[in-house]
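What follows draws every value from the coordinates through simple rules; no lab data is involved. Being a predicted model, the structure only gives us computed values, none of them experimental.
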Amino acid sequence: MEYVRILNLDHLLEQKSFFLFGPRSTGKSFLIRKQIQDKSVVLNLLEGETFLRYSAEPSLLQKTAEIARIGNKIVVIDEIQKIPTLLDQVHLAIEETRVRFFADRQQCKTTQTGRRQFACRPSLGSENVSPGLA
């Protein structure tokens, strides 16, 4: 059974860049594949090679943004929480190239102690944030 999505990514991305936050397994990546994959350059940070390349050299995102600009495409970063330093590169690319970005990340989850925990940078551990700050 396929659900009808009311979020129209094409329309949203006509003018601006966006982040999509949501819990695990709610269809964020599926939505990207269904609506905008053919109009975008996709970086899936769950792919080992992509993760290693961009975590070792985040500035590679500037080259990716330039390729997207030339092809009039959107840069999609799936699972951006895995490399938080890419956010600075996204900001820089938006300012310098006017390329549109769409990034998704897992929403923080609440632990049994009531604290929020982000599922990012698994090799470095998790970040605990007080409930009022996240």
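For the range 26-43, take each phi angle, set θ = phi - 60°, evaluate the Karplus expression 6.51 cos²θ - 1.76 cosθ + 1.60, and give the result in whole Hz per residue in order, putting x for glycine and proline.
Values per residue, Gly and Pro as x: 10, x, 4, 5, 4, 4, 4, 4, 6, 9, 9, 4, 6, 10, 9, 9, 9, 10 Hz.
I'd like the Karplus ³J(HN,Hα) series for the range 54-65: coefficients 6.51, -1.76, 1.60, θ = phi - 60°, whole numbers in Hz, and an x wherever there's a Gly or Pro.
Calculated HN-Hα couplings, in order: 7, 6, 6, 9, x, 5, 4, 4, 5, 5, 4, 5 Hz.
Taking amide H positions as placed in the peptide plane 1.01 Å from N, state which residues far from Gly22 in sequence (5 or more) or on other chains have amide H under 5 Å from it.
Arg105, Gln107
Full extension from Leu52 to Ile67: what is 0.36 nm times the residue separation minus their Cα-Cα distance, to one decimal in nm? Each step should come with its number before you reach the end.
Working: separation 15, 0.36 × 15 = 5.40 nm, distance 2.00 nm.
Separation in residues times 0.36 nm, less the Cα-Cα distance, equals 3.4 nm.
Between Arg100 and residues 5 or more places away or on another chain, which pairs have amide H atoms under 5 Å apart, with H built 1.01 Å from N, and which residues are they?
Long-range HN contacts for Arg100: Val75.
Enumerate the calculated ³J(HN,Hα) couplings along the range 90-99 in order (Karplus 6.51 cos²θ - 1.76 cosθ + 1.60, θ = phi - 60°), each rounded to whole Hz, writing x wherever the residue is Gly or Pro.
4, 4, 4, 5, 4, 5, 8, 10, 6, 6
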